[in-house]
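Q: After the structure tokens below, expect a handful of questions from me.
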Amino acid sequence: MFYERVKKSADYINSRISDFPETAIILGSGLGGLVDFMEEKTVIPYADIPDFPQSTVAGHAGNFVVGKIGGKFIAAMQGRFHYYEGFSARELCYPLYVMKLLGVKNLIVTNAAGGVNRDFKPGDIMIIDNYINFLKINPLIGDNDDRFGPRFPDMSEPYSSELVKKAEKAAEKLGIDYKHGVYALFNGPCYESAAEIRAFAVLGADAVGMSTVPETIAGNYMGMKVFGISCITNMATGIATVKHSHEEVVRVANEASEKLCNWMKELLSDI
Ligand code: HPA
């Protein structure tokens, strides 16, 4: 049933596109501008795709965009789904299952995040080396369908070291500075308390956000190579000296967007 539903969505997207994307990118808050770099693009609103979930967050459009970037045919999700919107972990990963049936092999996940590591500052870009799933939600809970992946998938390399190396090479070529770190998942939609951030820091988090981890798990499960990047839009609660605002998060992400887009374009040409 789940498989048939996913297949219906994938068949619809297939009927609208002429080439098949091997790489998909999920665009986080304020980072949707990457689609402006795409050529020969087909924009498919989520609302047009049978059985596809619908996103509700300001700053997140809801389009599945397929087109060329860096000479490669890719799929971009302009707008993702979050646990705090009320989706189950499996449902918010629904697009990943669709991508699997479209033939996607590489997944790039991007997000806006709060800086927990005190060496970071707003505007920094962090390559995600690993994650901590503080929430314990998992998209794979429930019946397993072997056509998608195994019951007990390995998670020893959630972010592909091969893609990390390629991204580092691309950043060096473009003269882009970046950090490395561990991304921690918080449920949201409220920001964290200062005590939570102190606890997360002790436990090894460098950045905190409300997305990305479920998609990373689902991507790995389905055999995709995953690469993750966080735009540090603000310092996390207790480290920041001002109160958080979503507008500020989107503003800083928009500011970093051009740099990030150039970087992703370069990376995509090498994948
Ligand atoms: N916390 C959680 N999610 C976020 C933050 C934050 O400080 N900034 C951007 N997304």
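The values are calculated or read from the model by the stated rules, or taken from the named source; none is laboratory data. The structure presented is a predicted model; accordingly, all values stated were derived computationally and were not measured. As a convention, Cβ positions derive from the backbone with ideal geometry for all residues, glycine included, and neighbour counts pool all protein chains shown. Surface accessibility is based on the protein's heavy atoms, side chains included, excluding ligands, DNA and RNA. Shrake-Rupley method; radii C 1.70, N 1.55, O 1.52, S 1.80 Å.
Q: What is the P(r) of the range 181-271, as percent of Cα-Cα pairs per 10 Å bin from 0?
A: The percentages, shortest bin first, are 14, 39, 35, 11, 0.
Q: Which pairs in the list 100/166; 225/265; 7/68; 7/173 are over 29 Å apart, alpha-carbon to alpha-carbon?
A: Violating the 29 Å limit, Cα to Cα: 7/173.
Q: Ok, one more. Can you tell me which of 251-260, 109-118, 230-239 comes out highest on packing, and rank the rest after it, using the mean Cβ neighbours within 10 Å?
A: Top of the packing list down: 109-118, 230-239, 251-260.
Q: Okay, moving on. Which order do the peptides 70-81, 169-180, 121-132 come out in when sorted by mean C-beta neighbours inside 10 angstrom, highest first?
A: In descending order of packing, they fall as 70-81, 121-132, 169-180.
Q: Bin width 5 Å, origin at 0, all Cα-Cα pairs of the range 107-244: what percent of pairs per bin?
A: 2, 10, 20, 21, 19, 13, 9, 4, 1, 0
Q: A follow-up question, please. For residue 121 and residue 154 in one chain, what is 0.36 nm times their gap in residues minus the Cα-Cα distance, to one decimal in nm?
A: 8.6 nm
Q: If we restrict to alpha carbons, what Rg and Dmax does the range 1-89 come to, in Å?
A: 13.1, 37
Q: Express the accessible area of the chain per residue in Å², computed with a 1.4 Å probe while the remaining protein chains stay in the model.
A: With all protein chains present, the chain gives 42 Å² per residue.
Q: Angle, helix 246-268 long axis vs. longest principal axis of the chain, Cα atoms, 0 to 90°, nearest 10?
A: Here the helix axis deviates by roughly 60 degrees.
Q: DSSP beta bridges in the chain, what fraction antiparallel, as a percent rounded to 5?
A: Expressed as a percentage, antiparallel bridges in the chain total about 40.
Q: Please give the net charge around residue 113, taking every other residue with its beta carbon less than 12 angstrom from that of residue 113, where Lys and Arg add +1 and Asp and Glu add -1.
A: Residues close to residue 113 contribute a combined charge of -2.
Q: Taking only the alpha carbons of the range 6-158, what extent do you get along each of the three principal axes, in Å, biggest first?
A: Principal-axis extents of the Cα atoms in the range 6-158, largest first: 48, 39, 29 Å.
Q: State the answer as a single residue: which of 183, 125, 84 lies farthest towards the positive end of the charge dipole of the range 56-203, with beta carbon charges of +1 for Lys and Arg and -1 for Asp and Glu, about the Cα centre.
A: Comparing the listed Cα positions along the dipole, 125 ranks first.
Q: Using the Kirkwood radius over C-alpha pairs as Rh, can you work out the diffusion coefficient of the chain via Stokes-Einstein at 25 °C, viscosity 0.890 mPa s, in µm² per second?
A: My calculation gives 133 µm²/s for D.
Q: Carbon-plus-sulfur fraction of the accessible area of the chain, 1.4 Å probe, in percent?
A: Reported share for carbon and sulfur atoms: 51 percent.
Q: Can you give the helix-only mean residue ellipticity at 222 nm for the chain, where every DSSP H stretch with n ≥ 4 adds -39500 (n - 2.57) and the sum goes over all residues, rounded to the nearest 500 deg cm²/dmol?
A: -9500 deg cm²/dmol
Q: Report, to the nearest 10°, how far helix 161-174 tilts away from the longest principal axis of the Cα atoms in the chain, using its own Cα long axis and a range of 0 to 90°.
A: The answer is roughly 70 degrees.
Q: Along its three principal axes, how long is the range 47-113 when you only count alpha carbons? Whole Å, largest extent first please.
A: The Cα atoms of the range 47-113 stretch 37, 26, 22 Å along their principal axes.
Q: How big is the gap, in Å, between the Cα center of the range 213-271 and the Cα center of the range 121-176?
A: 12 Å
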